[in-house]
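Q: Below is one structure. I have some questions about it.
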Amino acid sequence: MSALNISLPGLELKNPIMPASGCFGFGREYSDLYDLSQLGAIMIKATTKDARFGNPTPRVAETSAGMLNAIGLQNPGLTKVVEEELPWLSQFDVPIIANVAGSMEEDYIEVAKEISQAPNVHALELNISCPNVKTGGIAFGTVPEIAQSLTKKVKEVSAVPVYVKLSPNVTNIVEMAKAVEQGGADGLTMINTLVGMRIDIKTGKPVIANKTGGLSGPAIKPVAIRMIHEVSQQVAIPIIGMGGVESAEDVIEYFYAGASAVAVGTMNFVDPFICPKIIAELPELIHSLGFDHISECTGRSWKTVEKLTHHRA
Amino acid sequence: MIKQELCQVIDQTEIATNIYELTVKGELVHEMKEPGQFVHLKVNNGISPLLRRPISIANINQDEETFTMIYRAEGKGTRLLATLQQGDLLDVLGPLGHGFPVEETEACDTALLVGGGIGVPPLYELSQRLTANGVKVIHVLGHQTKNAVFYEEEFKQLGPTFIATADGSYAYSGFVTDIIKNENITFDVLYTCGPTPMLRALEQEYRHKKVFLSLEERMGCGIGACFACVCHTAEDPTGVSYKKVCSDGPVFKAGEVVI
Ligand SMILES: Cc1cc2nc3c(=O)[nH]c(=O)nc-3n(C[C@H](O)[C@H](O)[C@H](O)COP(=O)(O)OP(=O)(O)OC[C@H]3O[C@@H](n4cnc5c(N)ncnc54)[C@H](O)[C@@H]3O)c2cc1C
Ligand SMILES: Cc1cc2nc3c(=O)[nH]c(=O)nc-3n(C[C@H](O)[C@H](O)[C@H](O)COP(=O)(O)O)c2cc1C
Ligand code: FES
């Protein structure tokens, strides 16, 4: 019996490990390295209504134990993703979580409606960290009412469950989580990147052409763990955790914080085989900690002993 | 095919000030086809520095299963790389990208190879391949200063070699473009790798010629998945069409992408 299979809204996962959106493209490059069917799921690159080129380069900068990126949501657009990328991915026995982005509510709705009908798309991940052009560029994910309204509208048109990806660039993450839960979200994914900047001391200018970029990698893991710990105690919907995951131990830490599955982003760049490696290491680690199944780990950091299905370790 | 392998360090030598020649052994050498491809190196275990470093393949020895890189120890990652010693293991991902098309130059034709600074290394493998095909090669290599010059003798053995230093401390004073003009160098195909301003100048000057340029860009994954390293295509310079330096390049035909 597998110790790793997980059931979440819309998702029957062989294991709870999946590459994070934007860190795996549409899977083509990594498919040359290993069989993508090993993965629990794949979160594909953000898809917008129209194709986008994204930001000027440099788009990335290294930081201590992390990196900044300002790719600018480059993607081939809805039609190409639905007609080319998703059919190509259907050769693998792996559910796809489609990351949906936009700059207006209407864009999100259009993309969500169409992409959710693709047979291998089992869930949507709503990327609400994008600037909303109608409110002068304030990100959807920083105003609870706006995030809730967007969630509601996307839920109305989506053929599959909707996970909302929370931005950590907010004062009150629990308030955001509750707002989107009330908007009908089936689950949460968290966290997206933290806004940051690096300045080149030779030129005196920001390293990234866009000036600011999103911080990811091991540096942000404690922030993600804290936020999942807070949010998971306040909402009833499951959480897919992410932020600097680099080992099977990190996966357990995320579960203990309150996650039910985990995505790996930046570390795919450092070790392209990181996902299958973690999947291979998890069963032994789980057993050595005294569990029969990984689901027993969820929320262990805050659940009272009585509530835990398992007593040990 | 791209492979990840722990390669064994055979030799590491400082061949000019802060310039290191690093030779490693591994099976992935068999995958190295085109000169101008690169590898992505994890310079140490752990997360500091986090990202891999892209370094060109400068010389391939299939018989001994080794390849050589030449790099400048400058920042955090390359300075750590310089501490590796014989017998140490190095995490290599590669070979990556598409290199210089050797077949674009016919036997007896002349190829001009122009390199600037740390753009010089991939030209060494290229020059060996071209000369093996009976192509006449001429090298024009630019460096900052006298003690940054490397591989002058190695290149000379393959064909006429002109060196320029930006500060005039050795050989020609000035830019590689000055040498090409002043020496009246003529050629059929131009291959070049180096700083972007140099590539731009060459592309501009030799529009009517067959020119291949190797570009440099900040990278995340190095394999085409993260969209860190894209550039616009020349036919759609402000639109959505793009090329990735890591997987479509790093070598492009002049006029193919916006540099
Ligand atoms: C295809 C390709 C081939 C290259 N081949 C060579 C070579 O053969 N020899 C050589 O000396 N150098 C080469 N470079 C440049 C080399 O990658 C950088 O000098 C190196 O990454 C700098 O790392 P660092 O640790 O010294 O600097 P840091 O300042 O610590 O680097 C910080 C980050 O910026 C990136 N970075 C910094 N400078 C560059 C640059 N010029 N190009 C791309 N990324 C950069 C690093 O990879 C790292 O992610 C090549 C670059 C590319 C893209
Ligand atoms: C290069 C890069 C591109 C990303 N693109 C997206 C994206 O398109 N949509 C999205 O929701 N998140 C995107 N992210 C955020 C990641 O999915 C993830 O939430 C974040 O990087 C934290 O995980 P990590 O530390 O494991 O990378 C991107 C991250 C990186 C590093
Ligand atoms: S470095 Fe990731 S796409 Fe080129």
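Q: Give the cross-link partners of B:Lys181 among the lysines, using a straight C-alpha distance below 16 Å as the criterion and excluding same-chain residues fewer than 8 apart.
A: Once the sequence-local lysines are set aside, what remains near B:Lys181 is B:Lys209.
Q: Would you mind computing, in nm to one decimal, how far apart the modelled labels at B:Val240 and B:Arg207 are, each placed 7 Å from Cα along Cα→Cβ?
A: Each label point is offset 7 Å from its Cα along the Cβ direction, giving 3.1 nm.
Q: Please report the antiparallel percentage of DSSP beta bridges with both residues in chain B, rounded to the nearest 5.
A: Around 60 percent antiparallel, to the nearest 5.
Q: Please report the relative contact order for the stretch A:1-53, taking Cα pairs under 8 Å with a sequence separation of at least 6, and give it as a percent rounded to a whole number.
A: 35 percent
Q: In terms of modelled amide H atoms, which long-range or inter-chain residues lie less than 5 Å from the amide H of A:Glu125?
A: A:Ala98, A:Asn99, A:Val100, A:Tyr163
Q: Through the Karplus equation 6.51 cos²θ - 1.76 cosθ + 1.60, θ set to phi - 60°, convert the phi angles of the stretch A:174-188 into ³J(HN,Hα) values in whole Hz; use x for Gly and Pro.
A: Computed from phi, the couplings for the stretch A:174-188 are 5, 4, 5, 4, 5, 4, 6, 4, 5, x, x, 4, 8, x, 10 Hz.
Q: Tell me, what HN-Hα J-couplings in whole Hz come from the Karplus equation 6.51 cos²θ - 1.76 cosθ + 1.60 at θ = phi - 60° for each residue of the stretch B:49-55, using x for Gly and Pro?
A: With coefficients 6.51, -1.76 and 1.60, one gets x, 7, 7, 6, 10, x, 9 Hz.
Q: Each residue of the stretch A:195-202 in order: what ³J(HN,Hα) in whole Hz does its phi give by Karplus 6.51 cos²θ - 1.76 cosθ + 1.60, θ = phi - 60°, with x for Gly and Pro?
A: Per residue, the Karplus-derived 3J(HN,Hα) values read 5, x, 8, 10, 10, 7, 6, 7 Hz.
Q: How big is the antiparallel share of DSSP beta bridges in chain A, given as a percent to the nearest 5?
A: Expressed as a percentage, antiparallel bridges in chain A total about 40.
Q: To the nearest Å, what is the center-to-center distance of the stretch B:167-192 and the stretch B:1-75, using C-alpha atoms only?
A: What the calculation gives is 29 Å, centre to centre.
Q: Using modelled backbone amide H atoms (1.01 Å from N, in-plane), which distant-in-sequence or interchain residues come within less than 5 Å of A:Val207's amide H?
A: Under 5 Å from the amide H of A:Val207: A:Arg198, A:Ile199, A:Asp200.
Q: Moving on to the next point. Can you tell me how much longer the chain between B:Glu104 and B:Glu31 gets when fully stretched, taken as 0.36 nm per residue apart minus their C-alpha distance, in nm with one decimal?
A: 24.1 nm
Q: In nm, give the distance between the simple-model label positions of B:Arg200 and A:Arg28, each being 7 Å from the Cα along the Cα-to-Cβ direction.
A: 3.0 nm
Q: While we're on this one: With a cut-off of 16 Å, note down the residues of the stretch B:226-240 whose backbone N falls inside the zone around a label point 7 Å from the Cα of A:Val195 toward its beta carbon.
A: Answer for this model: none.
Q: At R0 = 30 Å, how high is the FRET efficiency between B:Val9 and B:Thr186 if r is their beta carbon distance? Nearest 0.05 is fine.
A: Approximately 0.10, to the nearest 0.05.
Q: Connecting C-alpha atoms closer than 10 Å in a GNM of chain A, tell me which of A:His229, A:His293, A:His122 has the biggest fluctuation.
A: A:His293
Q: Here's another thing I want to ask about it. Quote the FRET efficiency, to the nearest 0.05, computed for A:Thr304 versus A:Thr171 with a Förster distance R0 of 25 Å and r equal to the Cβ-Cβ distance.
A: Rounded to the nearest 0.05, the efficiency is 0.30.
Q: Now for a different question. Between the stretch B:93-109 and the stretch A:170-208, how many Å separate their Cα centres?
A: Each part's Cα centre sits 43 Å from the other's.
Q: Multiply the residue gap between B:Gln157 and B:Asn133 by 0.36 nm, knock off their C-alpha separation, and tell me the result in nm, one decimal place.
A: Roughly 7.1 nm would be gained on extension.
Q: If r is the Cβ-Cβ distance from B:Asn44 to B:Glu74 and R0 is 25 Å, what FRET efficiency results, to the nearest 0.05?
A: After rounding, the FRET efficiency stands at 0.95.
Each value in this text was obtained by applying a stated rule to the coordinates, not by laboratory testing. Predicted, not measured: the structure shown is a model, and the values here were computed from it. Reconstructed Cβ throughout: ideal geometry from the backbone, glycine too, with neighbour counts over all protein chains shown.
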